[in-house]
Amino acid sequence: MMSSPPIEVVLLLAVALGLPLTAFGVIMTLTRSQPRVSAIISLGAIAVAFGASLSLLIAHWGMPTPLVYEITWLVAGELPIPLGVLLDPTSLLMLTVVAAISLLVQIYSLGYMAGDPGFGRYYGCMSLFAWAMLTLTVSSSLIQLYIFWELVGLASYLLIGFWFEKWTASEAGKKAFVMTRLGDTAFLLGLILLWLNLGDLSIAGLNDPQVADRLSPGQLTLAAVLIFGGIIGKSAQFPLLTWLPDAMEGPTPVSALLHSATMVAAGVYLFARLFGFFSLSPAVMTLCLAVGTLSMLLAASMALVSRDIKQVWAYSTISQLGYMLMGLGAGGFTAGVFHLTTHAGFKALLFLCAGVLIHHFDTNDIFRMSQRGSRRQRLTLVCLVIGAAALSGLPPLSGFFSKEMILAHLAVHAHPFWLAAGLLGSFLTAYYTFRLIFVLLRPAAETPSDDAEGHHHSEPFGELCMAAVLVTLAGLTVVLGFGQGALTHFLSAAAGAPPPAPAHHLGWLPVVVLTLTGAAIVAAWWEFARQKRSETGWVDRFPTLATLFARRWYLDDLYRWLLDRVVYGGFSRAFTWNDQRVIDGGLDGLGQTVIDWGAISARLNRSQIQFRLMVLFAVVAVLVLYLAFA
Amino acid sequence: MTVYSLLFYLLSLLTLAATAMAVTRRHMVHAVLYLVLSFFGTALLFYLLGAPLLAALEVIIYAGAIMVLFLFIIMMIRVEKEDDRFFPFLQWWPALLISGGFLAGLLALSREDLVRQPGMTVAQALPQVFGIHLFRDHWLAIEIASLLLLIALVGVLHLSRRRRADAIEEAP
Amino acid sequence: MQVHATSFPFLTSLLLCCGLGLAIILLLPAHREREIKLVSAVFSGLTLVISLYLYLAYDRDLGGQQFAESWEWVPALGIRFANAADGFSLPMLLLTGIVFFTAVLTAWELNYRVKEFFALTFLLVLGVFGLFMSLDLFFIFVWFDVSLFPMYLLIAIWGSTRKEYGAMKLTLYLLAGSALILPAILYLVVGAGLSSFSLITLMQEAVFSPGQQRLAFLLLYIGFGILAGVWPFHTWSPVGHVAAPTAVSMIHAGVLMKIGAFGILRVGIYLCPEGWSYWSPVMAFLATAGIVYGALVGLSQTDLKYVIGYSSVSHMGIVGLGLATLTVDGLSGAVYQMFAHGIMTALFFSSVGYIYDRTHTKAIADLGGLGRTLPRASSFFILAAMTGIGVPCLASFWGELVVFLSAVRVFPIYGALVVLALVISALFMLRVVQKTCYGPPLERYAGLDDMGNGAMVPRLILAAVIIGFGLFPGALFDMINSAAIPFIEGVLG
Amino acid sequence: MVPFSHSLLVAALLFGMGLFCLLTRRNLIMMLLGIEVMLNAGALAFVAASLHWQQMDGQAMVLFILTVAATEVSVGLALIVALYRRTGSVDPDPPADRQLAAQAGEGGV
């Protein structure tokens, strides 16, 4: 299986991975002040990387066995840490998706970020992210995957806090980094546990079934749960999900690229990557199913009441990621990966449309946008509707196919509860998506003032780029659906797949799903199109529920309380007190007592004769007593 | 209780009382006079303990010369009364402690003879015998003692020489 | 442990370099500050070049002590001026060379009593070089104290907040340390009965009973541990850091704390392996406490340098944990972490020093928005902070990873605790970066001028080393493994 | 006849009183007096011991004590007079210390 690859593959990989890194280095050190040059460098690098990954994908379309090519990066003591590449359908697919979306988003950013003082730095960080994400997808060992996993976290920190002058942006960046780092430590612990027991961490080795007999079942589940902790952190699943909505502080292209399509999908990708390993312990599969469902429903509920367009899409991303984890947890490897790909497409499209609207109306609030005449943004709205339809799973679009595949797997699964949850989730998704659409389609209340219009048309080239990217993505979302058959065949070759999706004989499932989505759309139309004034639809009737959803189920308050009370107030203050009072105080006290004793004896030996005589005779007296009694 | 031991206890009582009074007097002249009395007591004790020459010497040198010198100095300096800081507390208790310690030590040392020792036989070191013994065995010590006295003499003369240069430090 | 003599006495020439530099500075008149700075730059550069050459010329597969040279010093007592370099000491020599050269360049704008400052710095680094290369217990102690006294003067005269207290406390702590080391060394030398202070003969010929080894190791561990910032004895190091001027705290945190850890390794572990294995659980506990404690206390600090001081305590805790695991990768991870942390703290202090020289305040509360006003200084600061957090492809990630690996294998609970402490260290480092560099630019710092190209040089060197060893850690690990693997096989069998 | 330890007891008491006087009296002359009493107590002990062991060396020793006492008093008093001439008082405290004591508010010392 470890056949050494032909030269051109190595060359293509070196180009795909090396170029973004060199672009990052060049931009950050040399061309940070010249925006145009750094943009060209970064775009060039990612374009070439996309080309390379595409050609790799085509070259290896039907390849039977995965291709692994490794060199040792370093030997620490007795531990060799490898640096290598694992080419198999999953990694190639993800590689192409990441490269494609990065390329499109970077083109889009030409327009969106035009005139921003940190333009060069933006493209530097974008190249850093591209490099880290691309290498993560093809990395051959878990340790290398972990390394680039953290680097992706660093890139997201830099990009979220891009406008660092805004206090909320740096705060969101810090929160994102610390929360994902919490997940990463669990991942690291799981990884170390595996490394100690198995000796090496090659992904291919982990996935084949004999691992079960080299590891005791307890260790296997513990390691799997810990690694799943990493996935929860990175893909913003149930306990650690509040950082993703706050990450919307970053520029919209960043949200489109990192926080919807690629970076947050890294968690799901890791699960897919180690699918063989995870499926060895059924406990973790059900855990994954449960966490996926919980985060899906939770996020969907939050999306219902959110007013900020980017927050709606952020919640929807968490919900869709939960959906993918449900699919994977239910054993649907191809379903999960397929949904991952389609979701990357249409979610990026939705974010980029939101970017155009924000760029145009200078506000994130959907109600104010609609008042300022969002109806007139013809092209953007068309793309938005296509994306929304794909998200809520309407037939011709890619969302329908991938979502339906996952539901099929859920149906097959023993317990009916997951299927019900899945259906409820798709209903809610359709509802909040079309809530947004209908609000935006409301007739404009204020008369559009011309200067609001002119201010943004300063860069015709920029507008063109943005529009072009939107159109391509929309086209992609429409077309991708039909690629389901080819994709499942491509992916199944990789994982020695479980039985092909049982979708065909379950005739009733698509019908049920469609009726539910239709009902959701009608309900949304009724609530938001007919009653112009309503903001959160049926949730208005339950105020407590509305605040609960708005406050993100009080998760943020819980974390804030935990941080302030336990970490800052409790430990940190106690330890600092201990440091200053106990250790320092004790020693300074010791010093002081020595000084005081010095003063006393000084006074005793003052130049007055009688004191000195006393000392003299006291000593003699003691001697006499000693002689007398000893 | 022979007359001899009775005399001994009486005299030692007298000496102790006199010294106690000498130590605690505020007026220095009274102190010196009490001390003279105490020295007379000690001289008699010497005589009792078989040292007639020493008793005489005690009276001549101690009571006579030294105490007179004291009186002479006290008169010259005209320091009558101790000022207010008579028995300062901070010095008082450590001194008591230390002298108490000495007392305890000496008592402990002398105690073990108490039991078996009936009492010292009476003997008299005649001055003639004592004189011979002195100049036969301790001739060197005598010479040193005389040298000591000479040095003291020279020292005192030098100290109290009134130098013309630092005549200024007359008593204020 | 074979010892390979050297053709040209490089190591002594390293010491001579410092000595010569010191002499010339002392000869130069005090008011000619430019010449003094030039001379010290030249000589520190020379030490860097020599240590770099030694690092490259070391024969990795031959291993053992190379470039060895020794002269009779006090034949009666068996004291020899013996120097050599092996896989453990060469990275330290290189670290000292780099930090010394960059510290001299960082102290370029100093204008207050320049002559004494550079003279004392040379004396300090002379002691440090001496200790890293010496093979004779007597000289290890002598160099330990030589490097101690200039610290006091440097902090007391050129220091900032509470400098007298900081200087006094630092010196008293370190003296207490040396007061523990001396009896341990004498105990070992006399116990061996070979009347020789040489480390090699003691290691090969002397036979120590387990009881002796335990006692000696305890004394050495606490004595050197005080300098290494081991947990309960660490309070002097943040105070010392805050009080010291920039260049001195670079050397102090960058190198002086490594003497402590290196001393434990070179004297304690080499001579008393039983003591080492006996005390290793205690070492592990103290190290873990140091890591978690340093991170947590760092959270609630208000002074910028205090934060870095406590982060050094936390990182030195990782070194201590590495040493405590009795495994090859623990040891090599610890030595790598010593090197990486030295460079990182040097960069940290030099960037904070620059910020302090411009804004004249270290209080985190009234710093802010420097990202816009001092872009270069804050970018170096952020790079150092990122290394501190342990971001991969930056130097200290590899050290931490390897140490965590061996720690989880030997002490699972401590290992898990320490890995969780990573989150806290990320939190407190990012908090500092956010408060100083991000946020709206404050108008009172608007007029500040950013780093000129001259001032960029030392920071660039440090940044290059961090990224270099971050991307290619193999270069350092092969060197350390060449000493660690034979040592562990020799000692633990 | 009287047991030897009784005489020693008397000598000890005398010595104690002399020492007490030396240490507490704030007057140089009285301190000198105390020393005289201590010497005298020593002499008494010597005489008692020479009687007890029936040897005259004890008494020879007393003679030397006498000479020492004499020299000591003469020199002592000469010093006291010189001191008196210089500082105008016979207080054992040197003037510098008195101010110090005053500053430090050391009360009755």
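The values are calculated or read from the model by the stated rules, or taken from the named source; none is laboratory data. What you are looking at is a predicted structure, and each value in this text was computed from that prediction instead of being measured. Please note: Cβ atoms are built from the backbone with ideal geometry, for glycine as well, and neighbour counts cover all protein chains shown.
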Taking the options C:SER237, C:SER249, name whichever one is hydroxyl-bearing (Ser, Thr, Tyr), under 13 Å from the mean Cα position of the chain (by Cα), within 17 Å of A:ASP579 (Cα to Cα) and assigned to a helix (DSSP H, G or I). C:SER237
Among C:PHE428, C:PHE469, which is under 24 Å from A:VAL567 (Cα atoms) and more than 8 Å from chain A (Cβ to nearest Cβ)? C:PHE428
Here is a list: A:LEU562, A:LEU555, A:LEU613. Which entry is more than 30 Å from C:VAL292 (Cα to Cα) and not small (Gly, Ala, Ser)? A:LEU613
In segment B:56-76, the residues that are without any contact (Cβ under 8 Å) to a residue 12 or more places away in the chain and more than 10 Å from chain D (Cβ to nearest Cβ): B:GLY64, B:VAL68, B:MET75
Which members of segment C:81-127 meet the condition of being under 13 Å from C:ALA41 (Cβ atoms), of a type in the set (Val, Ile, Thr) and crowded, with 24+ Cβ neighbours inside 10 Å? C:THR102, C:VAL104, C:THR106, C:THR121
Residues that are in a loop (DSSP other than H, G, I, E, B) and farther than 20 Å from C:GLN65 by Cβ, drawn from segment C:119-154: C:SER147, C:LEU148
Among the residues of segment A:426-467, write down those that are in a helix (DSSP H, G or I), modelled with pLDDT under 75 and more than 30 Å from A:GLU527 (Cβ to Cβ). A:ASP450, A:ASP451, A:GLU453, A:GLY454
Checking A:MET133 against (1) among the hydrophobic types (A, V, I, L, M, F, W, C); (2) modelled with pLDDT under 85; (3) touching a helix residue (DSSP H, G or I) at 6+ places or on another chain (Cβ under 6 Å), which single condition isn't satisfied? (2)
When residues of segment C:436-468 are filtered for being part of a helix (DSSP H, G or I) and either in contact with an Asp or Glu (Cβ under 9 Å, 6 or more places away or on another chain) or surrounded by fewer than 21 Cβ atoms within 10 Å (Cβ to Cβ) (or both), how many remain? 13
How many residues of segment C:264-308 are more than 19 Å from C:ILE343 (Cα to Cα) and more than 14 Å from chain A (Cβ to nearest Cβ)? The answer is 23
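Criterion first (closer than 30 Å to A:PRO117 by Cα, away from chain C (no Cβ under 14 Å), in contact (Cβ under 8 Å) with a residue 24 or more places away in the chain and in a helix (DSSP H, G or I)) does A:LEU220 satisfy it?
So A:LEU220 fails the test.
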Quick check on my filter: what residues within segment C:277-332 are touching a residue at least 24 places away in the same chain (Cβ under 8 Å) and part of a loop (DSSP other than H, G, I, E, B)? C:GLN301, C:THR302, C:THR325, C:LEU326, C:THR327
Select from segment C:20-36 the residues that are touching a helix residue (DSSP H, G or I) at 6+ places or on another chain (Cβ under 6 Å) and of a type outside the set (Asp, Glu) and list them in ascending order. C:GLY21, C:LEU22, C:ILE24, C:ILE25, C:LEU26, C:LEU28, C:ALA30, C:ILE36
Go through D:PHE20, D:PHE64, D:PHE15 for me and flag whichever is among the aromatic types (Phe, Trp, Tyr), surrounded by fewer than 21 Cβ atoms within 10 Å (Cβ to Cβ) and in a helix (DSSP H, G or I). D:PHE64
In this structure, does A:ILE40 turn out to be part of a strand (DSSP E or B) and within 30 Å of C:ARG459 (Cβ to Cβ)? no
Selection from segment D:34-44 of residues out of contact with any Gly (no Cβ under 8 Å at 6 or more places or on another chain), crowded, with 24+ Cβ neighbours inside 10 Å and either more than 9 Å from chain B (Cβ to nearest Cβ) or farther than 21 Å from B:LEU149 by Cβ (or both) yields D:LEU44
Criterion (without any contact (Cβ under 8 Å) to a residue 24 or more places away in the chain and either away from chain C (no Cβ under 13 Å) or touching a helix residue (DSSP H, G or I) at 6+ places or on another chain (Cβ under 8 Å) (or both)) met by exactly one of A:LEU151, A:LEU188: A:LEU151
Could you please let me know if C:PRO375 is within 30 Å of C:ALA483 (Cα to Cα) and within 12 Å of another protein chain (Cβ to nearest Cβ)? no
Check A:ASP365 against each of (1) modelled with pLDDT of 80 or more; (2) more than 14 Å from A:ILE309 (Cβ to Cβ) and name the one condition it does not meet. (2)
From C:ILE488, C:ILE466, C:ILE461, grab the single residue that is under 23 Å from C:ARG60 (Cβ atoms) and at pLDDT 90 or above. C:ILE466
Which ones in segment A:19-54 are surrounded by fewer than 15 Cβ atoms within 10 Å (Cβ to Cβ) and touching a residue at least 40 places away in the same chain (Cβ under 8 Å)? A:SER33, A:GLN34
Only one of (1) assigned to a helix (DSSP H, G or I); (2) at the interface with chain A (Cβ under 7 Å from one of its Cβ atoms) does not apply to C:ALA421, and that is (2)
Out of C:SER178, C:SER134, report the one residue that is crowded, with 24+ Cβ neighbours inside 10 Å and either within 27 Å of C:ILE200 (Cα to Cα) or among the aromatic types (Phe, Trp, Tyr) (or both). C:SER134
